[in-house]
């Protein structure tokens, strides 16, 4: 669609008038905010208004230190999302600081740190300009001379040597191998379809006929630069057996808009970058791992539209959490939050880092208090019960447990700018918004405001 200068100015005037509309926070978020019970079901630790590294440090300190999560000899697997860049990826400075904190663990650390993911960008994702590994960041690096994920992992590799590994998990259809486990001696994906000695681990959408879909669990087996073989579900494999050495999984996400059929992308949706998405996103154009089973994207959606069962994404990820592995810690970096795009403006600078062992409570919180106050797009509101976000959070909760009741969640939030704990009414973060100058980006936002 082409835009004349006059039409563009009309849209800007319309946007300015719309954004000036009164939007009382008390009405949107409740006059008193969340009130946690004496014995909370879940906890969230949050730091705002510091640098990304400072916020990350404060969050780890508040939750009791890295020793609460990581042991002396553990293999720590950190899963970011570098399918995108800019605000679509975790903040690079926060990720580097987290790795340093693990490596500098009080009491010592003789384990390994692995940054690994499947960003579904073909056989060589590290070279793809369609992913944050190689694509330069215009924002959200906050490290001098570091312009993408490759730069960051190269920097960390030079500092820590083989104790640090950067690894790409590759879809089977893109050249990865299908394996039955670490005993095969090769890296690849385990398909839990009940064949080859592998258990059947599945879920379905509960519908009949042409609307029925089922998905199997898939997970990677991979080798670190020190030669350690890791089974994502069962742990470390050495000398022909599982050793009992702990693998710790850290879900390291961003916070962004993701479509009218999904709403939010953060901790829960980040699990799609653990699984194999061979077959593509659309169930009407393959979308299958095997003739019987869909992948985690084609199972709940019709390509870029909702699928036949509301909330099915949550059921798939919740099943994975309950029977494959759930993160030992979920970290959400929200220096920037994408209001209608994961890479382009408009974006809000919310200057926050959060962590929780409960990804459901964390996604609910970041949607309600970081994304929605800035976007005012209805699908970002986790209390909008007909919205896709609320639907998939509820089905994930049913499958895996977690807490979506604010009164049962304790939020510990520290404002580094003011040097004090925050009160409940201070939890909504209205950041400085960069609108950008692209008419298509602005019109997309306006459209989402009107229909979302």
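Descriptive notes on the structure:
- Out of 371, 360, sole residue that is under 25 Å from residue 69 (Cα atoms) and under 16 Å from the mean Cα position of the chain (by Cα): 360
- Residue match in region 323-333 (condition: in contact with a strand residue (DSSP E or B) (Cβ under 7 Å, 6 or more places away or on another chain), in a helix (DSSP H, G or I), modelled with pLDDT of 95 or more and under 23 Å from residue 425 (Cβ atoms)): no
- Count of residues meeting criterion [within 25 Å of the chain's Cα centre (by Cα) and over 15 Å from residue 290 (Cα atoms)] in region 177-198: 2
- Counting the residues of region 230-264 that are touching a strand residue (DSSP E or B) at 6+ places or on another chain (Cβ under 9 Å) and either buried (at least 23 other Cβ atoms within 10 Å of the Cβ) or not in a strand (DSSP E or B) (or both) gives 22.
For every residue, the table says whether it meets (1) over 18 Å from the mean Cα position of the chain (by Cα); (2) farther than 20 Å from residue 271 by Cα.
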| residue | (1), (2) |
| --- | --- |
| 296 | no, no |
| 302 | yes, no |
| 314 | no, no |
| 318 | no, no |
| 324 | no, no |
| 331 | no, no |
| 334 | no, no |
| 339 | no, yes |
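- Test: residue in region 299-313 that is free of Cβ contacts under 8 Å to residues at least 60 places away in the same chain and either closer than 24 Å to residue 51 by Cα or part of a loop (DSSP other than H, G, I, E, B) (or both): yes
- Residue 76 being at pLDDT 95 or above, under 19 Å from residue 104 (Cβ atoms) and part of a strand (DSSP E or B): yes
- The set of residues in region 180-204 being in contact with a strand residue (DSSP E or B) (Cβ under 7 Å, 6 or more places away or on another chain), part of a loop (DSSP other than H, G, I, E, B) and farther than 30 Å from residue 308 by Cα consists of 180, 181, 186, 187.
- Region 265-292 - residue that is more than 27 Å from residue 441 (Cβ to Cβ) and buried (at least 24 other Cβ atoms within 10 Å of the Cβ) and, of those, farthest from the chain's Cα centre (by Cα): 289
- Residues of region 96-125 that are in a helix (DSSP H, G or I) and either over 26 Å from residue 296 (Cα atoms) or touching a helix residue (DSSP H, G or I) at 6+ places or on another chain (Cβ under 6 Å) (or both): 96, 97, 98, 99, 100, 101, 102, 103.
- Scanning region 89-117 for residues that are over 23 Å from residue 334 (Cβ atoms) and in contact (Cβ under 8 Å) with a residue 12 or more places away in the chain yields 103, 105, 106, 107, 108, 109, 110, 111, 112, 114.
- Of the numbered criteria (1) in contact (Cβ under 8 Å) with a residue 12 or more places away in the chain; (2) under 27 Å from residue 111 (Cα atoms), the one residue 241 fails is (1).
- Qualifying residue in region 148-166 (condition: assigned to a loop (DSSP other than H, G, I, E, B) and either within 22 Å of the chain's Cα centre (by Cα) or more than 18 Å from residue 253 (Cβ to Cβ) (or both)): yes
The values are calculated or read from the model by the stated rules, or taken from the named source; none is laboratory data. For clarity, every value in this text was computed on a predicted model and none was experimentally measured. Methodologically, a virtual Cβ is constructed for each residue, glycine included, from the backbone with ideal geometry; neighbour enumeration extends over all protein chains shown.
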